[in-house]
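Peer 1: Take this structure first; my questions come after.
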Amino acid sequence: MTTSPTTRDLAHRLLAYEVVEANISEPSEPAALRVYEKLRQSLSAFAGVAAFESLAFRALTQAKTEAPGLWAARVAPDGALQGLGQSLDELEDQIDIDKGLADEFPADEGGIILIARLLGLLLIFLGETLTLSLLRVTWPEASLDDRNSEYGRKS
């Protein structure tokens, strides 16, 4: 089972947004880890640490079938992602990227797949409206509204 193109697009948008933010504030973590950590903080506050850890474990298990580089990764009891080695650490080459190129940034496939799987599970369990609402709270400046939903209307 692969991720839907709509969910992959949403994951890519979040990663691209984090790449732009990295150029503004110069964080040292790869974009996929920043997205993951923001989701972890937001969803742990919403549903609890155990619920997020369970979702993250399932998303990582699913992502490993599509991205073998994630086999070394594991989800800690607090939901943190550990043991990635080179799989997501190479997500960002230190490229000078501007806001106009953010959507074209070739993010690491493993990072997109992991985030897309996590978003896919959220869409299943919470529904589109609540999932997008949580994402808007976590990324208030990100462009999530111009994405067409799977149901043919604007989200």
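Peer 1: For the range 60-105, which residues satisfy the criterion of being modelled with pLDDT under 50 and exposed (fewer than 13 other Cβ atoms within 10 Å of the Cβ)? Steps first, please.
Peer 2: Pass one, the range 60-105, residues modelled with pLDDT under 50: 85-105.
Gly85, Gln86, Asp93, Gln94, Ile95, Asp96, Asp98, Lys99, Gly100, Glu104, listed by residue number.
Peer 1: Go through the range 11-32 and give me each residue that's farther than 14 Å from Leu119 by Cα and either within 10 Å of the chain's Cα centre (by Cα) or assigned to a helix (DSSP H, G or I) (or both).
Peer 2: Of everything in the range 11-32, those that are farther than 14 Å from Leu119 by Cα and either within 10 Å of the chain's Cα centre (by Cα) or assigned to a helix (DSSP H, G or I) (or both) turn out to be Ala16, Tyr17, Glu18, Val19, Val20, Glu21, Ala22, Asn23, Ile24, Ser25, Ala31.
Peer 1: Looking only at residues in the range 121-145 that are in contact (Cβ under 8 Å) with a residue 24 or more places away in the chain and part of a loop (DSSP other than H, G, I, E, B), which one is surrounded by the fewest Cβ atoms within 10 Å (Cβ to Cβ)?
Peer 2: Checking each candidate, the answer is Glu141.
The values are calculated or read from the model by the stated rules, or taken from the named source; none is laboratory data. Predicted model, so just to flag it, every value in this text is computed and none were measured. All Cβ positions, even for glycine, are placed from backbone atoms using ideal geometry, and neighbour counts span all protein chains on display.
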